[in-house]
């Protein structure tokens, strides 16, 4: 049953609980608790992918989140094909199906690997050089080919069927990382009684205790202690423990985003489980305990499958019970690889040799390795790895040159030292400091209320890390509560480290085998295929800042964000430049720490829940009538009401004609409505609108224009005065919120002396526009207490009374040029009143009409729509609305802007009517207008079409446009150049129907 | 996400509830119509863009809906203090080091 490389007695998994899975259509057996990586390694599979650029065969570098090579596609079904999953973090489940990526036709024989042979063409910056000529080839040849060749996995082509949860959480102390330091900090904080959240990206807590066989805490092995401590923390009411939860973003004021993988490790997650859960945590104090990441050695062919980090091999052995080879070589500049060699040797794996770049290191692990009979070579380098689909040998040479010796191996473990994980600290805007002695960047200046502990803080040794973390956890809890705390102090005991392992320093940059001038491939960044030579080349080509080197070579720019490569790249650049490392600079770490799915960020806000949908009270009636709706902002508005057999064109023509002949009903409820109330309401209106309001009589209406301070039209609408101190203001449908904000801004900050209240009443009132010659006859039978005669209620007046027994604000106003009314009723009665009006309307043959007919009817009268016929650079004068600007007024918003030199200059674009010479041709809105059709391209554009429709009432097309000096061009012929030729247009006035306005009373 | 203290609600609330409303302490002239082109340009178009302390307006739009003033450091994004609209520019900033 046992897979070939599973070592009985090693690891922590229960060998009885097997799980079968497939990789590239071949079946294997693993054990529950395995990652895909450990399960494949147990079966002797190292080759799992092809690299991005050169298509080189790749295996596993690591056993964790930093993995740059082992990216696979996990397939659950057609819609669940997740690309670029790190096999080192994907937990195994029964039936897991994984495929390799970036290879064709197969992983072992990949045509794209020709790139490796042709690699001189693809050196650093090749994109910028190679694809420059000829220019036209970029669009037609290079870009399509590159796009086809680029990318690793395949995206699913169906919508994501999973759902994603989201939670907000608050706590006094958030601990990021559940290794020895994180657990110690959480224990100390939790014992004071404050709310603590502890998270870790792994399925099990323990961090490096998963592989450190030499650690003992409180009388237990390190890993066992971690599990007991976690059990203790989980049992506390004030502690939340999150596993499989990666802290990926550290934002302002201790706002930290975590993504918890809820069900990606399960065989068949039910629909009741979210796939992932986004935690947005606000913490008073944050303890960062993110550990350190081991670096690889930079030497020729260091990317061959089987060459991996020493700590990874140790994790596979000590946690998963898997040997990564049978005859293993070790290449190191650091003690920690010795521990890996010792563990493997004790488990029965042959250690071919340890090659140590250092001259005369000493210490207990070196002594122990020697005692075990392992061959140790000091002052030597591995200058090359042999083999292709799997490493087969390592070539060793004295580091200053000399005779080579090739040693057969089936795996190479390497360690160049450990890089503190300062990613989250850096994201918190903290500044790292370079420790010249230990050659590493560690947290320097803090920007937020957080503290780094343990390996990520550059603290060496388990005992020192635990001590530091425990103290920091207790202090964080105390500081979070402040002086007012109940004074509760921890009653637990500090964990006692009985035994630990020690690491000495390592090296940065290229090892001797990848020395200057060589053409060999010694990889710095595995995921982006960046070699030591590429970094040197970038420097030679003039990139002197690490930010430039990074972009030119793409070092550290893959999805692993250079977790293993950044420090090596920096060191090689610094060496080539002859500058100290801090002067070359470290690039800034940004969120996310590891890739995050869009799903977890979007959460439930997709589909119908992406944005609220607003429907009017009359919407159900329109839907029953078969109206076609259009989206206007968040509103659904009835666009037109087709009868059987009618297309949009026919329906709109019929609606337009019927309104002018008889009458029509239109749902105008979406219009923004604001009530302006108070003793100073009129004064306020005077300041916010261009028109005069003080003298407007109660019961009368006025068309108002609102400007911005710069003099341009911001909004418009009809305003009715209900009482000396009460105005019913209407705004455009889309403009309502910004008009309200604009009014509030002036009222609160510029005119706070005015005694006025503003209330948004858009949703309180449903509005039925009844327009057309029969409009009064349609409404009158239903109205009580309002005299609707022309004498008592002329055009532009407003009355309050009752309709169908419910209160109404009845406006006589028109957006069609016909006699018209707008019936405002409380929204709850909107549909009933509409139905009553509709019944009356039918007696006369009236129609319901939608927004399209509304647009045509208003354009026939030259009534503008703000935002369509204006664009934020149009003044009242430009729009032909000078009459609406109070000439005697000394102040209103925009009064000064209107007199700016450019706004009163000649030749401004003015709104005019446009008639095509061929009445059947309907212009395209947005089309440009030119004066001389014979001028060479690019032509001088003098304006554009803003509104254009077929007008059945006019029997021809009509249009409005903004044209330079337009009002001085009446009856001039201008041209609209279109792809299939010039369209001749004549400049006209803006009114196409009833120029004298007689029908308003008709 | 920033936490912002609304001086009217007297509570720290998440940034989502607020909307920035541009630079503070730019008063509209009571006699704006008589302003010179230069003065109007300064009032309407010219804004400070400091590296460091900035005085700006915010609105607690999804809360009490009030406009108020804030002092913020553009380098760290940290709010130094907030105060009610109409109150003068603070002469001394709490904990100011520069």
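The numbers here are math on the coordinates, done by the rules we state, and not lab data. Being a predicted model, the structure only gives us computed values, none of them experimental. No Cβ is skipped: glycine too gets one built from the backbone with ideal geometry, and neighbour counts run over all protein chains shown.
Reported value for the stretch B:55-98: 80 Å³ per residue, from the convex hull of its C-alpha atoms. For the pair residue B:26 and residue B:62, a Förster radius of 30 Å applied to the C-beta separation gives a FRET efficiency near 0.75, rounded to the nearest 0.05.
Kindly rank A:691-697, A:68-74 from highest to lowest mean number of other beta carbons found within 10 Å of each residue.
Packing order, densest peptide first, comes out as A:68-74, A:691-697.
In terms of overall dimensions, the C-alpha atoms belonging to the stretch A:772-928 reach 55, 47, 31 Å along their principal axes, ordered largest to smallest.
For each of B:12, B:87, count neighbouring Cβ atoms within 10 Å of the residue's Cβ, then give the residues from fewest to most. Don't jump to the answer; show the numbers that get you there.
Details: B:12 14, B:87 10.
The most exposed by this proxy come first: B:87, B:12.
May I have the convex hull volume per residue, in Å³, for the Cα set of the stretch A:174-229? Each step should come with its number before you reach the end.
Numbers: hull volume 3.9 nm³, N = 56.
Taking only Cα atoms, the stretch A:174-229 has a hull volume of 70 Å³ per residue.
Expressed in nm to one decimal, what extension gain is obtained for the pair residue A:917 and residue A:378 from 0.36 nm per residue of sequence separation less their Cα-Cα distance?
Numbers: separation 539, 0.36 × 539 = 194.04 nm, distance 9.30 nm.
Computed gain between residue A:917 and residue A:378 is 184.7 nm.
Its Cα gyration tensor gives the protein assembly as shown an equivalent ellipsoid. The semi-axes, each the square root of 5 times an eigenvalue, are 70, 34, 30 Å from largest down.
Relative to the compact globular guide of 2.2 N^0.38 Å, what is the alpha carbon radius of gyration of the stretch A:1-120, as a ratio?
Working: Rg = 14.8 Å, N = 120, 2.2 N^0.38 = 13.6 Å.
Rounded to two decimals, the normalised Rg is 1.09.
Percent of Cα-Cα pairs more than 22 Å apart in the stretch A:667-852, please. Cα-Cα pairs of the stretch A:667-852 separated by over 22 Å account for 45 percent. With all projection directions averaged, the alpha carbon convex hull of chain B covers 7.3 nm². Averaged over residues, the count of other Cβ atoms within 10 Å places the peptides A:708-715, A:370-377, A:50-57, A:526-533 in the sequence A:526-533, A:50-57, A:708-715, A:370-377, highest first. Counting only other chain Cβ atoms within 10 Å of each residue's Cβ, the peptide B:56-66 averages 2.
Kindly put A:281, A:259 in sequence by how many other C-beta atoms sit within 10 Å of each C-beta, fewest to most. Walk me through the numbers before you get to the answer.
Numbers: A:281 22, A:259 27.
The order, fewest Cβ neighbours first, is A:281, A:259.
Assuming R0 = 25 Å, what is the FRET efficiency of residue B:33 and residue A:695, from their Cβ-Cβ distance, to the nearest 0.05? Provide the component values of the computation, followed by the final result.
Numbers: r = 20 Å, r/R0 = 0.81.
Using R0 = 25 Å, I get an efficiency of 0.80.
Percentage of Cα-Cα pair distances in the stretch A:576-733 greater than 23 Å, rounded to whole percent? Summing the P(r) of the stretch A:576-733 above 23 Å gives 66 percent of all pairs. Per residue of peptide A:308-315, the mean number of Cβ atoms on other chains within 10 Å of the residue Cβ is 0. Ordered by the count of other Cβ atoms within 10 Å of each Cβ, fewest first, A:962, A:174, A:722, A:107 give A:722, A:107, A:962, A:174. Kindly provide log₁₀ I(q)/I(0) values, in the same order as q = 0.17 Å⁻¹, from the Debye equation applied to equal alpha-carbon scatterers of the stretch A:268-380. Summing over Cα pairs of the stretch A:268-380 leads to -0.83.
Computed over chain A, relative contact order equals 9 percent, with contacts defined as Cα pairs under 8 Å that lie 6+ residues apart. Counts of other chain beta carbons within 10 angstrom of each beta carbon in peptide A:708-719 average 1. Computed from Cα positions, the angle between helix A:180-190 and the longest principal axis of chain A comes to roughly 60 degrees.
Look at where the Cα atoms of the stretch A:828-883 and of the stretch A:254-318 average out, and the two centres are 59 Å apart.
Protection proxy ranking for A:155-161, A:379-385, using the average of other Cβ atoms within 10 Å per residue and placing the highest first: A:379-385, A:155-161. Convert 25 °C to kelvin, take the viscosity as 0.890 mPa s, use the Kirkwood radius over C-alpha pairs of the stretch A:859-1001 as Rh, and evaluate the Stokes-Einstein diffusion coefficient in µm²/s, rounded to a whole number. Answer from the Stokes-Einstein relation: 152 µm²/s. Stokes-Einstein diffusion for the stretch A:508-579, with the hydrodynamic radius set to the Kirkwood value over Cα pairs and evaluated at 37 °C in a medium of 0.692 mPa s, equals 283 µm²/s.
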